[in-house]
Structure formats: structure tokens, C-alpha cells
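Please read the structure below before turning to the comments.
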Amino acid sequence: MDIKSDKVNFDSEGKFSILSFTKTELEEELLELGEKKFRAGQVYEWLHQKNAQSFDDMSNLSLELREKLKEKYFIDQIVVLDKLESKLDETKKFILKLDDGNIIEAVVMKYKYGNSICISSEVGCQMGCTFCASTKQGYKRNLRAGEMLKEIYLIQDLIGERIGNVVIMGIGEPLMNYDNVVHFLRNIIDPKGLNIGARHVTLSTCGIVPRIRQLAEEKMQINLAISLHASNDETRKKLMPIANKFSISEVLDACRYYCELNNRRMNFEYALIQGKNDTEKNAEELANLLKDFTCFVNLIPVNEIKENDYKKTSKEGIKAFQEKLNERGIDATIRRELGSDIEAACGQLRNQYMEKEN
Ligand code: SAH
């Protein structure tokens, strides 16, 4: 797990993103600088609990150490370009600008059990799922762990409330940015960091099989969600190019491995698209695929985007699909559509911004 080989983590002066280190790595860095280990604890607390914006904020460190840190490292900065609040529910969407001018999104949703944030893991996406807006503007670069963390730290400060749940379901495919995402995860579950329980963290992937297996072996016990969206390979290939690389059965085998090693239930996401994947036969096939899993299926009426002509399945159709699954012993819920008035679905708003700017 090496983030030093990814040039995205260095700035133009060759400084490294200090927020991206795990606590253990930060200790090693400070030992190399000739500092005692406990200093790393202090720096870590400034970065991850107090959201320090600069090394000068770190008032319990000597001036000399602050200067040393400034020479080698930088602290990721993100600014809010715009904030949209849903009038229908309490969903808030943030358009964020990175230090190189790139734009990403994050969404905060309020549930009975607390605030949940949906973060982006890459600038753009290269997966090319036909229904998804995030992929339409192509892929720009990886996000640094520090930038992913900053999405949360910044927004938590802005809303003045704790964020207790994290889902990696924004722009990007997290498992294509594996090392940075794992660094991000290690930091948010660190008791000296945000201290979010692994059970309150969900990573969603379109199914990069070798990376699911690798993630399983990290044994972080976070929840894994698979964007399945089809009940057979033929249909999946039409919707998701990644299906040409990995079959559903390979993806499900990797999921079994994940469950075994992490003792978690699986989540499967299934966007219902009229006439594409929403027949009774599809529901039966899906139930059959998942019959030996302890899992939840999230049924999502597809978000209609202007880049394609997919339509959502009717309310009755969705209900019937859910019942078919339930009858066969599969736990399936229909996802509430939060923030539909502010285009809170992945990538929609970023696209509008980029079109305005171009
Ligand atoms: N790349 C990851 C995470 C980002 S997408 C993944 O594929 O899981 C988050 C979820 O939103 C995925 O399940 C994705 O398939 C789904 N999604 C994307 N566009 C959508 C749309 N127009 N309607 C409904 N769900 C969509």
C-alpha cells in the first residue's frame, strides 16, 4: 500500500499531502525528521480532529518543527463553490473546488440516525456505465486521501454537526483509486481521527474483482455495496462496460470471499430502468443469483439524466419487482429519492457546472 508512488500526492514543489498519511505512517515520517513519536499524535490530532488549515495553527508545536513540516508537506485545501439545499428534504449538495481547479461533489443526507455523507473518490470516472452522469465528462485524475478526508472535515465544520456515516458513492470508482481510498478509510476509522465505526462506512463499486479480494484482506470490516444493476451478463454488458471484463459469477465469488473475511452482509444496488432490466424474469434471476447470500438489495428508480433516454420503471413495476424478491427470501428495499429537486444524483450537478464554465 504505497501512496508515494502516485504523483497525485505531491504538489508542484514536490511537497507531499500530509493529510493522506495514516497515523502509523505519520509516526514514521516524524521519526525520520528526528522527532519523538508522540509529536505525530499531536500533528495527527490537529489535522484529523481539529481540521487545521495550516501548520501555523498547530500552536503546541515548536516553530522549528512547524517550519520543518512546511518544507516537506502541504495540507490539502478544498473550497465550496456552491451549496444547494433541497426544499423537499434536508439533503444538501456541495460543489467543491480542488486546489488545481478541478470540481467534485459531495452530498449530505439527514437520516433519523444522523448525518450521512456521500463523497467522491475520483475526479470523473472511466467506467463508462451508460446510465451514469459521472462518467460523461471522462476521467481527470485520482483524488488524494487528504482530499477525500477534507470533503468530510470541511462540510462537517460548515454544517456544525457531526457526520457519522460515510458512503463512497459519489463521483468515481473507488477501487480504481485503491491505495488512496484505503488510506482514506484507515484515517476515518482511526479512533484518533474522525473515529467513524467501520460499520458506518460503505464502499460502493461496479465490481473490480481483484480489488474486492484485496479489500477483503485488509479486514477493515466496512460495508461493501456492489452496483449490480442486471440479473444476467448479457444485460449487464449493455449497461456497464466493466461486465465485459468480469462476469457476475466472478463478482459474486469475490463478494463471498469478502463476507467470509469481514463478517458483513452484502449490499447490492439495482437501478431499475424501464424495459432494460425490470421484468419479473429479471427479478427471479436476481433472486436466484443472490439466494445463498445474507444481503440487502437496494432498488433505485433510475435517475433520468439528459445524457441518455433511460426512463425509470413505474412505481407499480418497482413494487412488483421488490415483492418478487421478497417472496424468494431476498431482503429488498426501494431507495427513497432524496434531493431530487437539486439533482443530487451522482455527477449531474458537476456536469452543469462544467458546461457553464466551458
Ligand atoms: N463507481 C461506484 C460508486 C459511484 S456510483 C459504483 O459503481 O458503485 C454510486 C451508485 O449510483 C452506483 O450504484 C451507480 O451505479 C449508481 N448510479 C449512477 N448513475 C445512476 C443513475 N442515473 N440512476 C441511479 N443510480 C445511478
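The values are calculated or read from the model by the stated rules, or taken from the named source; none is laboratory data. Computed from a prediction, not measured in an experiment: that's the story for all the values here. Because the Cβ atoms are built from the backbone with ideal geometry, glycine has one as well, and the counts that use them run over all protein chains shown. Side chains included, ligands, DNA and RNA excluded: accessible areas come from the protein's heavy atoms. Shrake-Rupley method; radii C 1.70, N 1.55, O 1.52, S 1.80 Å.
Some notes on this structure:
- Convex hull of alpha carbon positions in the stretch 45-88: directionally averaged projected area 4.6 nm².
- J(HN,Hα) series, the stretch 296-301, from Karplus relation 6.51 cos²θ - 1.76 cosθ + 1.60, nearest Hz, glycine and proline x: 10, 10, 9, 8, 10, x
- Förster radius 22 Å - calculated FRET efficiency between Glu304 and Thr333, Cβ distance, rounded to 0.05: 0.60
- Using alpha carbons only: equivalent-ellipsoid semi-axes of the stretch 1-77, gyration tensor based, whole Å: 18, 14, 12
- Taking the helices alone, the chain has a mean residue ellipticity at 222 nm of -10500 deg cm²/dmol, built from -39,500 (n - 2.57) per DSSP H run of at least 4 residues and averaged over all its residues.
- Inter-label distance, Tyr257 to Leu31: 3.2 nm, where each label sits 7 Å from its Cα along the C-beta direction.
- Here is the tail figure for the chain: Cα pairs spaced more than 25 Å apart come to 54 percent of all pairs.
- Rounded to the nearest 20 debye, the dipole size of the chain about its Cα centre is 540 debye, using +1 on the Cβ of Lys and Arg and -1 on the Cβ of Asp and Glu.
- With a cut-off of 17 Å on the backbone N, the residues of the stretch 67-82 near the modelled label site 7 Å out from Ile159 along Cα-Cβ are 80-82.
- Within a Gaussian network of the chain (alpha carbon springs, distance under 10 Å), most fluctuating of Phe94, Phe246, Phe21: Phe246
- Extension gain (nm, one decimal) between Thr294 and Arg199, 0.36 nm per residue minus Cα-Cα: 32.6 nm
- Anchor Lys315: lysines whose Cα lies under 19 Å away (excluding residues fewer than 8 positions away in-chain): Lys276, Lys281, Lys324
- Counting lysine pairs in the stretch 123-250 that sit 8 or more residues apart in sequence, or on different chains, and whose Cα atoms lie under 18 Å apart gives 4.
- Each peptide in 118-128, 312-322, 27-37 gets a packing score, the mean of other Cβ atoms within 10 Å over its residues, and the list from highest to lowest is 118-128, 312-322, 27-37.
- Principal axes of the stretch 59-167: Cα extent on each, largest first, Å: 52, 35, 21
- With coordinates expressed along the principal axes, the C-alpha atoms belonging to the stretch 259-315 extend over 41, 23, 17 Å, beginning with the largest.
- The alpha-carbon atoms of the stretch 225-299 define a convex hull whose volume equals 79 cubic angstrom per residue.
- Alpha-carbon geometry of the stretch 283-337: the Rg and the Dmax are 12.4, 38 Å, given in that order.
- Cα-Cα pairs of the stretch 216-259 separated by more than 14 Å (percent): 49 percent
- Amide H contacts for Ser227 (H built 1.01 Å from N in the peptide plane; partners 5 or more residues away or on another chain; cut-off under 5 Å): Thr205, Cys206, Gly207, Glu269.
- Around the amide H of Lys311, modelled in the peptide plane, lie the amide H atoms of Gln274, all under 5 Å away and 5 or more residues distant in sequence or on another chain.
- In the full protein context, the chain carries 44 Å² of accessible surface per residue, based on a 1.4 Å probe and ignoring ligands, DNA and RNA.
- The share of accessible area on the stretch 46-94 that comes from carbon and sulfur is 49 percent, using a 1.4 angstrom probe.
- Compactness ratio for the stretch 119-176: Cα radius of gyration over 2.2 N^0.38 Å (N = residue count) comes to 1.23.
- Among Lys92, Lys306, Lys72: highest mean-square fluctuation, GNM of the chain, C-alpha pairs under 10 Å: Lys306
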